[in-house]
Amino acid sequence: SNSTQKQSSSSTKSVNKTQKSTSPQLKNMSSSKSSRFRFIPQKRWQKIVVTGLTVVLALMLIVAGLGLYTYQVGKQLQAQAMQAQTIGQEAYAAFKDQDLVQSQAKVKELQQQLQQIKQTYHQLSFYRTIPVIKNYYLDGEHGLNAAEHGLAAGEKTITTLTPYADVLGFKGGEEGGIDGPGGVAENRIKLVLETLDKVMPEFDEIETHLTQAEAELAQIDPQRYPEEFKGMPVRAKLTQVQTLADQTIGKITSLRPVLEELPNIAGSKGEKKKYIILFQNDNELRPTGGFLTAYAVVEVENGKIFPVKSDDIYELDQRFKEKIDIPEALGRYLTTEKYWNLRDMNTSPDFKVSMDQFFTHYQAVPGEPENIDGIIAVDTNVLTGLLSILGPVEVPGYGQFSAENDPRCDCPQVVYALSEIITKPTPYHREDRKGILGPMMAAILMKTYGAPKQYFADLFQFGWQSLESKYVQLYFTDEKAQLAAEAINAAGRIKPVENQDFLAIINANLGGAKSNLFTNYQVKQIVAAPKDGQLQKTVEITYKNTRKADNCNLEAGQLCLNSTLQDWTRLYLPQGAKLVKAQGFTMEPKEYQEAGFSVIDGFFTLEPLGVAKIIVTYTVPYENQDVYQVMLWKQAGIEPFETMMEVTGGQEKITIDKDQVYEVEF
């Protein structure tokens, strides 16, 4: 055992010696191998770093170069754009100054400037190949193409208008043309009507350019852009331009049937037209704009109007022999009448619906002219508007009438004078109390036809505004003519809308003298965000009478204009709207469906110098969670009024002077 241990110990020492003797060699080999394996990865890493740095540096140089190049091109574009903006403002100023020659010159100059901008912008075309960035470059191309088509449409429009410059009140008409020596107003109108068919090819070209401009703008996605940049709105501006282009196309498209039908409507196709002129007294407000106080029958030939007859609406009712029970909705509040008279047949705010009813029964009245082609309703705003442009008119046997303020009523003199002639009680019986309206219409027409050409721009603009505000409303028996009137919203139609809210406030004076002359109202709409497909809305209407009461005792023999207003109020809402609560009505309001609307129907009274407030809360079916959109329908006969829109806390005040759509994000 001891011998074995010694041998083992000796053997172990021998091995240790061997290991010690070979250790330096193994160590050198190990060191050499380790050094070789570490050197190779280190060399590759260095190559990768150097290559990476080179690529990054190259990219930085490229980006810097592109940035510098883009900056230089951008500065050039900015200078060109500013110059284009200056030219555009000069073109707009010239058109506003009614100078067609200067307008056309500036538009051509703007077209040349646009071509320079396009050439400069094309220097950045390499961006078309770069992902993401190419979308912004293409947006710029679409915008420039849209501008090009828009300018082409503008240039063509001016060229088309030039032959009619005199009629429309523009400078640039040919000497000795429409308004040359011996020229009279009816000749101007006649020439326009006779040559409208020549305008249609140019009209088609204008429409094509505008359609192409709209198509280019539609390819731009506003959501790609920030809401604002350096305090300037960006996304909203892009959306606004797209909306404006769409609306312009809609208006241009709607004008086509009007231009095609206008010669026929104006009796210039070799056939006279015969129309009823209905005078609506908006100071005694009714659903279509006013009480049907009087009427006239006229013939129209080549745009010139020839009076046939005029009469009081009460005289017409005297000869109306039918006994028709008064409608239940009207009879609830107009308790003085048992039967439905012609003068009360404009109960629907939809002018066509009311005129269908009126005209059907008018044709049954003996002694009235036959073959009537339509009805044109006008209110006192038309009288005062024309007189404010043309100046006072003299009506033989009645005196002078003007649009100047009369301190006796703080209203236009023509309104007070007509009220005195027509409504003031007298101790004797007066025949044909409203016989003045026919001669007055003739006097105003005579002055209009003889007006110098510098008045025509204002007259044309006033006529268009009167149609938009429903101071003038049109109804035709011919289907094409009726559709043309509806296309430009001149027919007083009220129709349901889809995928948006709707509000029409309809008032009817059923026994308050002419108190609407002194009554104004303001509206506030409070809208909550939709939940479960419904939104809740509150409408507050504040009515104010600004004048003391008149002595309306017949025995006093005084002019009665202002007394207690007895108002039949209806709110036309989207179908499916439900009343939650109502305040301010003298009795519980009713709910019913009518012509695709939900209607809230109530009644209230307003004293002279008094205030009345109607508050109605209701729910409306509504699906859009992001944007609130409402069609605000303006009743005919009322002057522009303010509406405060409060949508989910945000407030904005707008003026309602015509039908319009209001839109805001929740």
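The values are calculated or read from the model by the stated rules, or taken from the named source; none is laboratory data. The shown structure was predicted, so the numbers you read here are calculated from the model rather than taken from an experiment. Virtual Cβ from ideal backbone geometry, glycine too; neighbours counted across all protein chains shown. Remember, those area values only see protein heavy atoms, side chains included, never the ligands or the DNA or RNA. Shrake-Rupley method; radii C 1.70, N 1.55, O 1.52, S 1.80 Å.
Quick notes on this one:
- Complete set of residues in segment 498-514 that are touching a Pro at 6+ places or on another chain (Cβ under 7 Å) and not β-branched (Val, Ile, Thr): Asp501, Phe502, Ala504, Ala508
- Selection within segment 475-493 - buried (at least 23 other Cβ atoms within 10 Å of the Cβ) and within 30 Å of Leu535 (Cα to Cα): Gly492
- Filtered residues of segment 571-602 (kept if open to solvent by less than 20 Å² (accessible area, probe 1.4 Å), hydrophobic (A, V, I, L, M, F, W, C) and in a strand (DSSP E or B)): Leu571, Leu573, Phe597, Val599, Ile600
- In segment 636-666, the residues that are hydrophobic (A, V, I, L, M, F, W, C), open to solvent by 40 Å² or more (accessible area, probe 1.4 Å) and part of a strand (DSSP E or B): Met644, Val661, Val664
- Candidates Ala529, Ala549, filtered to the one that is farther than 22 Å from Gln635 by Cα, outside any strand (DSSP E or B), in contact with a Pro (Cβ under 8 Å, 6 or more places away or on another chain) and touching a residue at least 24 places away in the same chain (Cβ under 8 Å): Ala549
- Boolean, Glu555 is out of contact with any strand residue (DSSP E or B) (no Cβ under 6 Å at 6 or more places or on another chain) and either under 25 Å from Val353 (Cα atoms) or open to solvent by 50 Å² or more (accessible area, probe 1.4 Å) (or both): yes
- Qualifying residue in segment 195-202 (condition: open to solvent by 60 Å² or more (accessible area, probe 1.4 Å), of a type outside the set (S, T, N, Q), at pLDDT 80 or above and out of contact with any Gly (no Cβ under 6 Å at 6 or more places or on another chain)): yes
- Verdict on Thr288 being part of a loop (DSSP other than H, G, I, E, B) and either of a type in the set (Val, Ile, Thr) or buried (at least 23 other Cβ atoms within 10 Å of the Cβ) (or both): yes
- Residue ID - modelled with the lowest pLDDT, chosen from residues in segment 250-294 that are polar (S, T, N, Q) and in contact with a Gly (Cβ under 7 Å, 6 or more places away or on another chain): Ser268
- Members of segment 89-105 found to be within 28 Å of the chain's Cα centre (by Cα), part of a helix (DSSP H, G or I) and under 25 Å from Pro163 (Cβ atoms), listed by number: Glu90, Ala91, Tyr92, Ala93, Ala94, Phe95, Lys96, Leu100, Ser103, Gln104
- For beta carbons closer than 8 Å, sequence separation of 6+ or different chains, a first residue in segment 317-343 that is over 17 Å from Ser354 (Cα atoms) and without any contact (Cβ under 8 Å) to a residue 40 or more places away in the chain and a second that is open to solvent by 70 Å² or more (accessible area, probe 1.4 Å) and of a type in the set (Ser, Thr, Tyr), the qualifying pairs are Lys323/Tyr339.
- Within segment 295-324, being open to solvent by 70 Å² or more (accessible area, probe 1.4 Å) and either of a type in the set (Lys, Arg) or modelled with pLDDT of 95 or more (or both) holds for Lys321, Lys323.
- First in segment 261-278 and without any contact (Cβ under 8 Å) to a residue 60 or more places away in the chain and at positive phi, second anywhere and aliphatic (A, V, I, L, M) and open to solvent by less than 20 Å² (accessible area, probe 1.4 Å), Cβ under 8 Å, 6 or more apart: Gly267/Val300
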